Amino acid sequence: MIQIANLRKEFDELVAVDNLTLTIPSGEIYGLIGPNGAGKTTTIRIACGLLEPTQGEVRVADVDVLRDPERARQHIGYLSDFFSVYEDLKVREYLDYFAHAYKMPDAKIAQRITEVIEQAGLEAKCDSLIQGLSRGMKQRLGIARAMIHCPKVLLLDEPASGLDPKARIELRNLLRSVRDQGATILISSHILTELEGLCTSIGIMEKGRLVRTGRLEDVVSTGAQSRAIRLQWLGDAAAQLHELLSKTVAASEPKLNANDGEFRFSGSDDELAQFLTQIVACGIRVLSFREVRQTVEEMYMKLSTHEVM
Amino acid sequence: MRFWKNPEFVRHLRAELRTARAITILGVVLVICVIIGLGCWGSHEAQVEAYRRGNQMFGKPPAEQLAQLESQGSIDEWFAFYRFLIYAQMVVLTFWSLLCCAQSISGEREGKTWDFQRATGLSPAEFLIGKLLGEPIVAYFIVLCCLPITLLAGWLGHAGIGNVVSAYLLILSGSLFLGLAGLWMSSLFESRSRGIGLIGTFGLYLFLAFAVYLIDSSFTGIAAFSPLTGLLVLFRVDIPDRVATIFGKAVPWLVMSLLLYSTFGAWLVLMILRGIKKDFDQIKPLSRWQAIGCAAFLNFTAYALFHPQYFVTLRGWETPLHSDRFASFMVGVNGFVLFAMGLAMISPHDRLKIWWRSRVGVRSLLAEDGPPWPWLVISGITGYALLAWGMFAWKKDVGFDRSALLVGLIQSLAVLAFVTRDILFLQWCRLTRMRAPLLKGMLYLGLYYIAATVLSVVFGISSTVRGREALALSTPAGAFDNATSSYSHILFVGFSIQVALIILLLMATAARLRQGASVFDSSAA
């Protein structure tokens, strides 16, 4: 749905985006993460046709954004971080303006406005002036605006910045429902926890380059030779457990407390299940036994400190 | 798309003319109209009363004249009322249009709403129409509220339908032209430089307000840029007895205004359409060929509007006009045109870098994103060709001799060298990391010319010739000096210095571009 090839953008002597190549299939929620100045906003602005690249190609829904920006824009919904709305319009008028601006057929506009107002949860405020809305509501209105013309692709640049936790959860749910309707979403953020649990794929950008990209679980597990296992038990079994771990070849780095602990396991799922059976057979009363997944944040920290390349 | 369905127009209509606000505006307009009406009636009554007393006490004016004045009184009162209403509407509509449009795009940029508009499917033309008519919607509503009262006053004041239509045509065309100028200026300024844009806006309004005084200049027709000129003529107000001319042929002021608004407006429309949906850094008002065309158009307009009978120099009226004075004057005009076109030709930073990497052979010097100097040379040649043609066109009045053409050529070369140097300096500024490089570059150029003038004055204290030599070395003024023949070698030295500076600037620009290219190469590797 989104294809970016050899994209490069220079501002004076700064290379904001450096040879970026990226393909996002239809129906994905793709998270673009990276620190401020990594080139996320520039990438999204180029993908929208708002900024001309120094070189490279961007295609959205098989339309070349640089050669045919007007047609490409019909497939794109865009929301930026420091967004603003026309405070002197009413919610319905605001959406009506953008519906007409995106050249929707007149007959479909009223119904579509009602739909997006409902989807964004703004029914109670649809005839209110925008200046009276809270920031969270304005953000939801921004999303409603971005999807008013049923775009195939939503490009969201830091959409949750400045929102309180409740508004963030609402935004996340709203984006999921938009994805369920078939839209492909490219979302950028430097708040990593914001993207976890929402994105299906992620890309990590640093200094204009895409240093890692792929399915979320693949990217998160990249570089890890073993997985972390966390367990809890009842009674005084730490010494016994330590001995068992030292005898198991696949287990390493045990860090055990009185009733809980963690170790790394490099074997297969079968071997892990076998190990669990073994400790239960030894009479250790296991309360919980689970794999601790690496978070995007941990992965990102490792990447930025070059622990993982 | 019909303009009343244009989303941008509808947005302004909804936001700025909600029912309560519209009713308030209507009320205020009615009150102001009543006040103006009472003022006109009071003034006329006071005048009649003064005549009446004069008649009673001194027998002047005679009784018949007084009777005529009294019988004519109501008509004059209504006409004065109509006239003031037209003036008021002109001020409101033109000022509002210019001010609102001049803050339109820059305001949207500052409000962070501009990108969302650009991301929609609205075409540049739809943007233009929506903003041009939508931004000053309140002013148009005020005029609409005034319209019935004005028509009534005009009818009772025996103004005539032609007078009313002409007045409104002038006001509307003037406000549309100013709106276009405002929109264009607002597209060139971002939030950081918005203040300068506003200063430019007020400057433009002041120019148009006082353009009526250009009626006494060598370009009488330029006074038609101000709708006030046409209105003053329409209302038979005392202004110098001048006619607007095109190649010496008299043209009605209304027609002249419409001609100027439509032709200059067309260039503004072109520049707006080219840049309105582009990112701020990518805006280039005209393509290279368009800039050449615009330079030719401005030169042509200067020859068309020129009026040899009203030729004014710093020493006063000059008649008969000699061909060398005419040539010098037109080369000076072309100097300003060249500089303006040079500004329009300056390449955005990254476009120039891309050109640098992909350039092949000498032909690439004429590429659209290449350096501006080859095109400045073409503009200069066009300007000189038009000078020769202009002298031929005006040969009956100014003569046509070879020496004037030669003087014009030397002056054109000097002007071209200085303008090229200045434009290349601005292009170099654009390649640096300066914030608002063009504005700062212009400021530096301004400071340079002030310093050069001050230095010449200082040198001139001890010897006038020294002062003139200093001026000839650092500015193009020497080429226009009648006494140049006594120090023509200095003129040549000044010209050589400028050529050397041009080469230096080209080298500095190339060094900057090479720097960028090496970053690109290492990154690509």
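Numbers below:
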quantity	calculated
Kyte-Doolittle mean at least -0.5 and Cα axial length at least 27 Å: DSSP H helices in chain B	B:19-58, B:63-102, B:137-156, B:161-188, B:253-275, B:323-345, B:373-393, B:402-431, B:437-462, B:488-524
Descending principal axes extents, chain A, alpha-carbon based, whole Å	73, 48, 29
Sequence-distant residues sharing a close amide H with A:ILE29 (under 5 Å, placed H)	A:ILE185, A:THR200, A:SER201
Given 14 as the ceiling on other Cβ atoms within 10 Å, longest exposed-site-free region of chain B for trypsin sites (Lys or Arg not before Pro) in DSSP loops	B:19-235
Under Karplus coefficients 6.51, -1.76 and 1.60, residue-wise ³J(HN,Hα) of the stretch A:256-261 in Hz, glycine/proline x	10, 9, 5, 10, 8, x
Test item: Cα-centred dipole of the stretch B:1-59, Lys/Arg +1 and Asp/Glu -1 on Cβ, debye	400
Cα gyration tensor shape of the stretch A:1-66, rounded if a/c is under 1.5, else prolate or oblate by comparing a/b with b/c	oblate
Cubic angstrom per residue, convex hull over Cα atoms of the stretch B:350-488	149
Test item: B:9-17 mean partner chain Cβ contacts at 10 Å	4
Length-normalised contact order of the stretch B:344-488 in % [C-alpha pairs under 8 Å, at least 6 apart]	18
Stretchable slack from A:ASP218 to A:ARG176, in nm (0.36 nm times residue separation minus alpha-carbon distance)	13.0 nm
Rounded Å value of the spacing that divides the Cα centres of the stretch B:13-32 and the stretch A:78-114	25
By average C-beta atoms within 10 angstrom, highest first, the peptides A:145-155, B:178-188	B:178-188, A:145-155
On Cα atoms only, tilt of A:135-146 relative to the major axis of chain A in degrees	70
Theoretical FRET efficiency, 1/(1+(r/R0)^6), r = Cβ-Cβ of B:ARG466 and A:ASN19, R0 60 Å, to 0.05	0.50
Within the protein assembly as shown: Cβ-based charge dipole about Cα centre, in debye rounded to nearest 20 (Lys, Arg +1; Asp, Glu -1)	1100
Base-10 log of normalised Debye intensity for the stretch A:121-242 (one unit scatterer per alpha-carbon) at q = 0.10, 0.23 Å⁻¹	-0.47, -1.42
Protein heavy-atom accessible area occluded, A/B pair - total, 1.4 Å probe, Å²	3500
Mean Cα-pair separation over length for chain B, i.e. relative contact order, pairs under 8 Å, 6 or more apart, %	11
In Hz, Karplus ³J(HN,Hα) per residue of the stretch A:125-133 (6.51, -1.76, 1.60; θ = phi - 60°; x = Gly, Pro)	10, 5, 10, 9, 5, 5, 4, x, 7
Cross-link reach list, lysines versus A:LYS103, counting only Cα pairs under 17 Å and skipping chain neighbours closer than eight places	A:LYS152, B:LYS5, B:LYS277
Tilt relative to chain A, helix A:165-180 - C-alpha long axis, 0 to 90 degrees, to 10	80
Among B:LEU169, B:CYS145, B:LEU132 - extreme Cα towards positive end, dipole of the stretch B:61-200, charges at beta-carbon	B:LEU132
Net charge contributed by nearby residues that have their C-beta within less than 11 Å of A:GLY77 (K/R +1, D/E -1)	+3
Among A:THR41, A:THR277, A:THR21: highest mean-square fluctuation, GNM of chain A, C-alpha pairs under 10 Å	A:THR277
Taking the stretch A:139-266 and dividing mean pair separation by its residue count, relative contact order in percent (alpha carbons under 8 Å, at least six apart)	17
Rounded to whole Hz, the Karplus (6.51, -1.76, 1.60) HN-Hα couplings of the stretch A:17-34, x for glycine and proline	10, 10, 6, 8, 10, 7, 10, 10, x, 5, x, 8, 10, 9, x, 9, 10, x
Rg/Rh for the stretch B:12-87, where both radii come from Cα atoms and Rh is the Kirkwood radius	1.28
Shape of the protein assembly as shown, Cα gyration tensor, a/c cut at 1.5	oblate
Potential extension, B:ILE283-B:GLN56 segment - 0.36 nm per residue separation minus Cα distance	74.5 nm
Theoretical ellipticity at 222 nm over the protein assembly as shown - DSSP helices of four or more residues, -39500 (n - 2.57) apiece, nearest 500	-20000 deg cm²/dmol
Peptide A:9-15, shielding by other chains (average Cβ, 10 Å cutoff)	6
Under 5 Å, built H, 5+ apart or other chain: amide partners of A:MET205	A:ILE33, A:GLY34, A:VAL211
Computed Kirkwood radius, in angstrom, where 1/r is averaged over Cα pairs of chain B	26.5
Size of electric dipole in chain A: Cβ of Lys, Arg +1 and of Asp, Glu -1, about Cα centre, debye, nearest 20	320
Nonlocal amide H pairs with A:LEU256, under 5 Å, H built at 1.01 Å	A:GLU262
Directionally averaged projected area (convex hull, Cα atoms, the stretch B:266-390), nm²	9.3
Helix axis angle, A:106-119 relative to chain A longest principal axis, alpha carbon, degrees	30
Ranked by how many other beta carbons lie within 10 Å on average, peptides B:22-28, B:39-45 from highest	B:39-45, B:22-28
For peptides B:448-459, A:120-131, sequence by mean Cβ density within 10 Å, most packed first	A:120-131, B:448-459
All lysines inside 24 Å of B:LYS395 as judged from Cα atoms, apart from same-chain residues fewer than 8 positions distant	B:LYS249
Average partner coverage of A:84-90, which counts Cβ from other chains inside 10 Å	5
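The values are calculated or read from the model by the stated rules, or taken from the named source; none is laboratory data. Remember, it's a predicted structure, so these values are computed and weren't measured experimentally. Cβ coordinates were reconstructed from backbone atoms using ideal geometry, including for glycine residues, and neighbour counts include every protein chain displayed. Protein only, heavy atoms only, side chains kept; ligands, DNA and RNA dropped before computing areas. Shrake-Rupley method; radii C 1.70, N 1.55, O 1.52, S 1.80 Å.
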